[in-house]
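Q: After the structure tokens below, expect a handful of questions from me.
The values are calculated or read from the model by the stated rules, or taken from the named source; none is laboratory data. As the structure is a computational prediction, the values presented were derived from the model and not from experiment. All Cβ positions, even for glycine, are placed from backbone atoms using ideal geometry, and neighbour counts span all protein chains on display.
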């Protein structure tokens, strides 16, 4: 039994994590939410209280300010708050400092996105080997449970891969992870999570084909797929975190990630990228000030959490998996539908933050109950998927499975 | 007889002014080119020498660095260089400080664009009344010749209005100034002059209709016109400097300005503007740095002078004028065609800089010869247009006139 949760990060995902932790604080204990900007934490706490989500009112829900890039500060915060579980949903730059603090103090670590070095973009695959897996042995030595990438994608989609391998297939040929947001926020343009991290994702595409890494251009390969509920949507081959562990842990020939983009999004993205406005490299303006264009762009774009009140429509994220069972070909689509307005109704958030924020809380409950407290570093597909998927069914992210779904047909993808 | 020219500003227009002054230095005397960044002046001088454009090699061509926002520095520079004619082609923010220095020292002042306050955009019309005309009396008292807006547009187009009123019409109903660049620079996106000044132009549209100022939206009213030489091009109702003096000095019911834009330009502009990237208002990024997005955009866009070597195609700028002569209706199109590659061949510049840079040198020659040395402040249409237009015919900017041109038909334009 582990208890008391420290949430690092007060963005859109941290907001959902705080709500769901509060709704389950009889299991999770005291909850502290910490960020560089404490008033963002306090705004989240206000939302939790407004929604009456503090299940056990004898437990604490409070805020702290912290510089998550500074290991001693995070160590001190973990000790001060007596937290045994850290859910890190801060910017991807802080992952390794927060992980180090967890290893040092012997507490559970979780994150929802891969670590990034601010000065590097789309490093060589597998990405987890560059930072996270270098700490695998130290986690094992110290008996530290570290669960990497336990959001939705990565996260739930990895658990579905494990489930598919276990229950649905004897052999797997391809896994196509399809992520489409068929919702509408009504703004001229906005990203659904931190624009900085969002745009850094779209530089090049590393994908896993015939058990090899293949490099492709961004937004170059399109497939139109007839999704359940949300209907026909174009998706584009995209690089994504989960491929960098699934390629190692799941026995499949090809594992690819596809993201939905509308024409307007692609047009704006193309203009911004062609002009260099998505660049993380600082430049000097005529007046001598040095600044990375991406930082300016981020300051101009709507705060993703501000989109929530008016967001309508649904997301669909699913794994299209092709293989054999009992020597017969099998194809399934295992997916979740999430409705923006329902998320707002429940936790004052939109579906993108919701789908990323609920899973780490489910994982925290499995750890609190001892089921997932594995005392070493794992990616999600290495854990037993069943209790996780069951828990999510009751926490707002139900899993659906279609046998013989609409066919997903990718073109031949060759390396550049 | 006045002599010795001080050129303030070493951008694309300053480049052309320096070439044309050097080619006429038997009349104009010594030439100094000064800017905040002296090496830009030196690069221009290298270009002039490379092209063997120093007609009288006993005359000097040299550079100085100057802060043109600082009146005493400009006064000192005028005295040091013994300049009697100042051609100001620096950023529009320095006009009033350079003018003050000219009034103080009693030398000739010229510029090619209206003064701008960095913190204000598209002020109330007529713009000249906000800054320039407030110095009219002092110019007259000191006997200072100040010619405002003596580029192409404003500049040559104003002289054409004066010519039309004098020789072609008894009454003028409408003047439509049409400016189209049918050239291609081969870049994803670039502005043809300082992007900062360029984008500041496109906030709102002040236009002169039925002898009243009318406010309209940018890029909202389109007309397709079949231009001579360059053919059919879309142009959009745009606000522009010359309307702010022509409305006072030319007896016409309506005077409007139209600029050509392609679909790609409008798309990029729309994305940038909708996202706030063309804003001159400083914002603070998460890391605390304060910067105006427009400054960052400017730093990212190609330097307009870098476009010159690969620019192909032509510009067409002309006045479509409708009125009566001898009690009969008359319509003329009075225009110039300028070829980007020919400009580069001659002075290593593109046609946009060329069309703006040649006219002030023609004016300097008319002043040196005494013909335009009027000893007070004027807009171009207040001067005798004939010697100016004749001189330009021989300096690379010939004027053509078509009687009964293709019809230009504007829709009814109402105030917002």
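Q: Taking residue A:371 and the conditions (1) without any contact (Cβ under 8 Å) to a residue 24 or more places away in the chain; (2) touching a helix residue (DSSP H, G or I) at 6+ places or on another chain (Cβ under 6 Å); (3) not assigned by TED's automatic domain parsing to the domain that holds residue A:140, which numbered condition does it fall short on, given that it satisfies the others?
A: Going through (1) without any contact (Cβ under 8 Å) to a residue 24 or more places away in the chain; (2) touching a helix residue (DSSP H, G or I) at 6+ places or on another chain (Cβ under 6 Å); (3) not assigned by TED's automatic domain parsing to the domain that holds residue A:140 one by one, residue A:371 breaks only (3).
Q: Report those helices (runs of 4 or more DSSP H) wholly inside the range A:1-111 carrying at least 2 residues which are more than 22 Å from the chain's Cα centre (by Cα).
A: The helices (runs of 4 or more DSSP H) meeting that bar are A:25-28, A:38-50, A:71-81, A:95-105.
Q: Looking at the range B:181-201, is at least one residue in a strand (DSSP E or B), surrounded by fewer than 21 Cβ atoms within 10 Å (Cβ to Cβ) and within 21 Å of the chain's Cα centre (by Cα)?
A: Looking through the range B:181-201, at least one residue is in a strand (DSSP E or B), surrounded by fewer than 21 Cβ atoms within 10 Å (Cβ to Cβ) and within 21 Å of the chain's Cα centre (by Cα).
Q: Here's a follow-up. Taking the stated definitions as given, is residue A:272 farther than 26 Å from residue A:355 by Cα, free of Cβ contacts under 8 Å to residues at least 60 places away in the same chain and at the interface with chain B (Cβ under 8 Å from one of its Cβ atoms)?
A: no
Q: Take the range A:275-289 and flag every residue that is exposed (fewer than 14 other Cβ atoms within 10 Å of the Cβ) and at the interface with chain B (Cβ under 8 Å from one of its Cβ atoms).
A: The answer is A:284, A:286, A:287.
Q: In the range B:296-316, which residue that is outside any strand (DSSP E or B) and touching a strand residue (DSSP E or B) at 6+ places or on another chain (Cβ under 9 Å) is farthest from the other protein chains (Cβ to nearest Cβ)?
A: B:313
Q: Taking the condition within 23 Å of residue A:330 (Cβ to Cβ), buried (at least 21 other Cβ atoms within 10 Å of the Cβ) and modelled with pLDDT of 95 or more, does residue A:223 pass?
A: no
Q: Could you check the range A:116-144 and list, in sequence order, the residues that are surrounded by fewer than 23 Cβ atoms within 10 Å (Cβ to Cβ), in contact with a helix residue (DSSP H, G or I) (Cβ under 8 Å, 6 or more places away or on another chain) and assigned to a loop (DSSP other than H, G, I, E, B)?
A: Matches in the range A:116-144: A:117, A:118, A:121, A:122, A:125, A:126, A:131, A:144.
Q: Could you check the range B:256-267 and list, in sequence order, the residues that are crowded, with 21+ Cβ neighbours inside 10 Å and either facing chain A (nearest Cβ under 8 Å) or farther than 16 Å from residue B:198 by Cα (or both)?
A: Across the range B:256-267, the qualifying residue is only B:256.
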